[in-house]
Amino acid sequence: MANTLLDNNGLSSEFFYIEMKAVDPQNGKIWDDGNTGADENVAFWKADPSPGFYTLGHFATRFHDINPEKGQRAPVAITLKPKPGYEDLLKEPIGFEKMWDDAGSGGTYGDCNIWRMKCPEGYVALGDIVTSDDPANAGSVRCIKKTAVNALGATVALVAAAGYLNLAQKGDSSLKAFWTDSGSGADKDVAIWLMKATSSASARNQVYMVSGTFKASRLHDNQPAETAYALVLNFPENDIMEKVEMGDKKIKLKGNFTPTEEEMKASEVSKEYYVPFFAVHDPNHENQLEQFRASPIYKIRRITRYEVIDSYEPINTETKEFSVMIGKNEESNYNNEIGVTLGLSVTAGGKGWRTNGCRGRS
């Protein structure tokens, strides 16, 4: 089966074309709390997706301006474009509920209105949005359908339950949001909560990840009552790591003699695949943002070979080793356990070689 990950010359899942879109430092800011007197800083941002692509919410930072030299990097949005035939997986909100406005805060950046999207039946919002006026001007933000029917006729999840990130100190029983308007003098209270992953993909061809958006609550120490959701990206079964046939690579044993390394090497089947950056745990980068900037797509080399085992019993182990392209031109070996946090088995790495038992004695 063809590898659709690079379909349309970019990242691609079974249902969506995928683009990672960094917020424009000059035009992406919606509002900041400058001169409000709030105890902590916050700014709200939106991404400007490519034509046909949509975002899943807006973004919050604890700094007012983007300055990479100070570690203040632009938020990066996951933007989606439904593939032909799947256009109904993203829909416009059918309404908006105002969660907060900055009236009385004394802020000088302009007006701030935080809205919760109301979605059609069977759809959910992965984040809230911020506008200076009417929420209809939110533009490119969409609700996402909870499920989709894949090419095999099976119903699969597009979202999964997530949690809210509590930034309270260890041992503190209270809850601490990402930001509150405490100290601002605003007429109403608000707390901003980021989402966190609380589960893992339920299938080997899925990736489970939070979208980096936020949700608001009307009380400083209460998390939103609504369920938090993470994004589930589905890839076709066997699309990235199809079954390798080894029938024509059998080694002919010569009595009680171990095959030579040359004979073992001749039994190898080497194939290369591309995987998205968010499905790879790369210890060379501190976070996914740096990882994305270095290498949006990773190239993985899979080597399947026979291995001599000192036994008459057939053994088929499931250990793996992949050679991963880091960045543009640096190559290193990456080892980790299969499918711990990601369902996409190839991208979670592995250790050793995939081995097919070769009966013999040495």
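The values are calculated or read from the model by the stated rules, or taken from the named source; none is laboratory data. What you see is a predicted model; the values in this text were computed from it and never measured. Ideal geometry is used to build each Cβ from the backbone, glycine not excepted, and the neighbour counts take in all protein chains shown.
Within segment 286-300, does at least one residue satisfy the condition of being farther than 22 Å from Leu233 by Cβ and at pLDDT 70 or above? Lay out the reasoning, then the answer.
At the first step, the residues of segment 286-300 found to be farther than 22 Å from Leu233 by Cβ are 286.
Subsequent filtering for residues that are at pLDDT 70 or above retains none.
So far as segment 286-300 goes, no, none of its residues is farther than 22 Å from Leu233 by Cβ and at pLDDT 70 or above.
If you scan segment 74-97, which residues turn out to be among the charged types (D, E, K, R) and either surrounded by 13 or more Cβ atoms within 10 Å (Cβ to Cβ) or closer than 29 Å to Gln291 by Cα (or both)? Talk me through it step by step, then tell me what you get.
Initially, segment 74-97 is screened for residues among the charged types (D, E, K, R), giving 81, 83, 87-88, 91-92, 97.
Listed by number, the residues that qualify are Lys81, Lys83, Lys91, Glu92.
Hey, does segment 226-238 have a residue that's assigned by TED's automatic domain parsing to the domain that holds Ala38, of a type in the set (Val, Ile, Thr) and assigned to a loop (DSSP other than H, G, I, E, B)?
Yes, some residue in segment 226-238 is assigned by TED's automatic domain parsing to the domain that holds Ala38, of a type in the set (Val, Ile, Thr) and assigned to a loop (DSSP other than H, G, I, E, B).
For segment 78-102, which positions are farther than 17 Å from Leu158 by Cβ and touching a residue at least 60 places away in the same chain (Cβ under 8 Å)?
Within segment 78-102, Met99, Trp100, Asp101, Asp102 qualify.
Which of the numbered conditions does Glu121 fail, given that it passes all the others? Conditions: (1) closer than 20 Å to Leu231 by Cα; (2) in contact (Cβ under 8 Å) with a residue 12 or more places away in the chain.
Among (1) closer than 20 Å to Leu231 by Cα; (2) in contact (Cβ under 8 Å) with a residue 12 or more places away in the chain, Glu121 violates only (2).
Scan segment 154-182 and report the pairs whose first residue is assigned by TED's automatic domain parsing to the domain that holds Ala228 and more than 17 Å from Leu194 (Cβ to Cβ) and whose second residue is of a type in the set (Val, Ile, Thr) and at pLDDT 95 or above, with Cβ atoms within less than 8 Å and a gap of 6+ or a chain change.
Filtered contacts from segment 154-182: Thr155/Thr147; Thr155/Val149; Val156/Thr147; Val156/Val149; Ala157/Thr147; Leu158/Ile144; Leu158/Thr147.
Report those strands (runs of 3 or more DSSP E) wholly inside segment 150-198 carrying at least 3 residues which are at pLDDT 95 or above and closer than 23 Å to Thr36 by Cβ. Walk me through it before giving the result.
Working: elements: 155-157, 159-164, 191-196.
Output list reads 191-196.
Considering segment 220-250 alone, what residues qualify as being at pLDDT 90 or above and under 22 Å from Asn150 (Cα atoms)? Working first, answer last.
Here is the first cut: in segment 220-250, the residues at pLDDT 90 or above are 220-232.
The answer is Tyr229, Ala230, Leu231, Val232.
Every residue in segment 101-126 that is at positive phi and surrounded by 14 or more Cβ atoms within 10 Å (Cβ to Cβ), please.
Our first condition is that a residue be at positive phi; within segment 101-126, this holds for 104, 106, 110, 122.
The answer is Gly106, and nothing else.
Just for segment 31-71: of the residues that are under 30 Å from Phe16 (Cα atoms) and among the polar types (S, T, N, Q), which one is surrounded by the most Cβ atoms within 10 Å (Cβ to Cβ)?
Thr55
Confirm whether Ser211 is over 18 Å from Trp31 (Cα atoms), touching a residue at least 24 places away in the same chain (Cβ under 8 Å) and polar (S, T, N, Q). Working first, answer last.
Numbers: over 18 Å from Trp31 (Cα atoms): yes; touching a residue at least 24 places away in the same chain (Cβ under 8 Å): yes; polar (S, T, N, Q): yes.
For Ser211, the condition - over 18 Å from Trp31 (Cα atoms), touching a residue at least 24 places away in the same chain (Cβ under 8 Å) and polar (S, T, N, Q) - is met.
Every residue, every condition in (1) over 21 Å from the mean Cα position of the chain (by Cα); (2) over 17 Å from Tyr86 (Cα atoms), yes or no:
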site	(1), (2)
Pro120	yes, no
Ile129	no, yes
Asp133	yes, yes
Cys143	no, no
Ala154	yes, no
Leu158	no, no
Leu175	yes, yes
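Which of the residues belonging to segment 268-285 are within 25 Å of Gly212 (Cβ to Cβ) and either modelled with pLDDT of 70 or more or out of contact with any Lys or Arg (no Cβ under 7 Å at 6 or more places or on another chain) (or both)? Even if it seems obvious, please write down each step before you answer.
At the first step, the residues of segment 268-285 found to be within 25 Å of Gly212 (Cβ to Cβ) are 274-285.
If the condition is that a residue be within 25 Å of Gly212 (Cβ to Cβ) and either modelled with pLDDT of 70 or more or out of contact with any Lys or Arg (no Cβ under 7 Å at 6 or more places or on another chain) (or both), then Val275, Pro276, Phe277, Phe278, Ala279, Val280, His281, Asp282, Pro283, Asn284, His285 are the ones that fit.
If you go through segment 200-219 one residue at a time, how many are in a loop (DSSP other than H, G, I, E, B), in contact with a Lys or Arg (Cβ under 9 Å, 6 or more places away or on another chain) and either more than 17 Å from Ala161 (Cα to Cα) or modelled with pLDDT of 90 or more (or both)?
Total meeting the criteria: 1.
Filter segment 62-93 for residues that are part of a helix (DSSP H, G or I) and within 30 Å of Tyr109 (Cβ to Cβ) and give the result. Walk me through how you get there before you give the answer.
So the first thing to find is which residues in segment 62-93 are part of a helix (DSSP H, G or I), and the list is 68-70, 87-89.
Selection gives Pro68, Glu69, Lys70.
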